[in-house]
1. At 7 Å along Cα-to-Cβ for each site, give me the label-to-label distance between Ser30 and Asn127 in nm.
2. Which loop chymotrypsin sites (Phe, Trp or Tyr not before Pro) in the range 141-224, with loop taken from DSSP, have no more than 10 other Cβ atoms within 10 angstrom of their Cβ?
3. Can you tell me which of 282-288, 88-94 comes out highest on packing, and rank the rest after it, using the mean Cβ neighbours within 10 Å?
4. Would you work out which of Gly193, Val242, Thr274 lies farthest towards the positive end of the dipole of the range 192-308, given +1 charges on the beta-carbon of Lys and Arg and -1 on that of Asp and Glu, about the Cα centre?
5. In the structure displayed, which of Lys2/Lys37; Lys139/Lys246; Lys64/Lys84; Lys129/Lys158; Lys64/Lys301 lie more than 20 Å apart, Cα to Cα?
6. How long is the chain along each principal axis, judged by its Cα atoms, biggest number first, in Å?
7. Counting pairs of alpha carbon atoms under 8 Å apart in space and at least six apart in sequence, what relative contact order in percent does the chain give?
8. Counting other beta carbons within 10 Å of each Cβ, put Leu304, Leu183 in order, fewest first.
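Computed from the coordinates by the stated procedures, all read-outs in this text should not be read as laboratory data. Because the structure is a prediction, the values reported are computed rather than measured. Backbone-built Cβ (ideal geometry, glycine too); neighbour counts: all protein chains shown.
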Amino acid sequence: MKVLVSDSLAEDGVKRLQSGADVDVITNLSPEELIQKIPDYDALVIRSGTKVTADVINAAKRLKVIGRAGVGIDNVDVEAATKKGIIVLNTPGGNTISAAEHTIAMMLALARNIPQANSALHQGEWNRKKYTGVEFFNKTLGVVGLGRVGAEVATRMKSFGMRILAYDPFVTEEKAQQMGLTLANLETVLREGDFITVHTPLTNETRNLIDDDEFKIMKDGVRIVNCARGGIINEAALAKAVAEGKVAGAAVDVFTKEPPTGNPLLGQERIITTPHLGASTAEAQVNVALAVADQILAIAKGGLPTNA
Ligand code: MLT
């Protein structure tokens, strides 16, 4: 099997792939270059950087599998791949903890103005009053989406003494009770949350799930976190809600277009940002690289992937 790895993949994963396949690692390909190269390969391994469009898929001649080292497959035209009988697989468990921990780090940074205070102090400003924050204790955390990452965030945030109110149409009352969480409809979660964090995939149903009308329902001074996918929260609506003071601050790791040039979320002091770092830990990168490699090798041997 000939494998093209077109985004940077942890070395352990590349080595694992090399144990059973012929592997080329060629990153930063332009869309045209990828279209030129893809006919030579049986498998394509990506992270979030490579956009596997219908044009790429249609240019493929022997491609059997697209492996995403990570969770979101919104950078793959799954419909076009399925039409050509190409398997699309991902590695759902490998970066859950890292993504949950990054969400919590962003939430803490947001509550205590850490990035702003850090950058002011580096510029010589000692201002303790300006950077007064808020506690988590006795506050309500609204969690939209209780999948792997949402569930890990929710259960960890209980230890701060927060009340967790979660919306997820696919989670049963029984499961929520086991996790010590209260389920509610989206409107209630938005209305009662002091902090709101989103953890859904980006689909046609979740795009702009939180928009101007949803911000109107929220408490004044709510704080918003998006470490899931750009576009679940409408970026212009969030920027406006922060500018108007309805939202006290936002922490954003993901953007509709990455890198986010000209994005309305950039440039406001009360919006803190990171460049899609949720899964960027040494541990998660090894986990997802090995998980994708093992599945590709299973297919090479005529077996089945675990997460297609
Ligand atoms: C994922 O979908 O796995 C995360 O957003 C991390 C990534 O895109 O690499």
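1. Going from the Ser30 label point to the Asn127 one covers 4.4 nm.
2. Working: sites: Phe160, Tyr167, Phe170, Phe195, Phe215; in loops: Phe160, Phe170.
Within the range 141-224, the qualifying chymotrypsin sites (Phe, Trp or Tyr not before Pro) (loop, at most 10 other Cβ atoms within 10 Å) are Phe170.
3. Working: 282-288: 19.1, 88-94: 21.1.
My ranking of the peptides, most packed first, is 88-94, 282-288.
4. About the Cα centre, the residue reaching furthest to the positive side is Thr274.
5. Numbers: Lys2/Lys37 12 Å; Lys139/Lys246 17 Å; Lys64/Lys84 9 Å; Lys129/Lys158 28 Å; Lys64/Lys301 13 Å.
Over 20 Å Cα-Cα: Lys129/Lys158.
6. 60, 51, 33
7. Details: 603 pairs, mean separation 58.4, N = 308.
Once normalised by length, the contact order is 19 percent.
8. Numbers: Leu304 10, Leu183 21.
Lowest count first: Leu304, Leu183.
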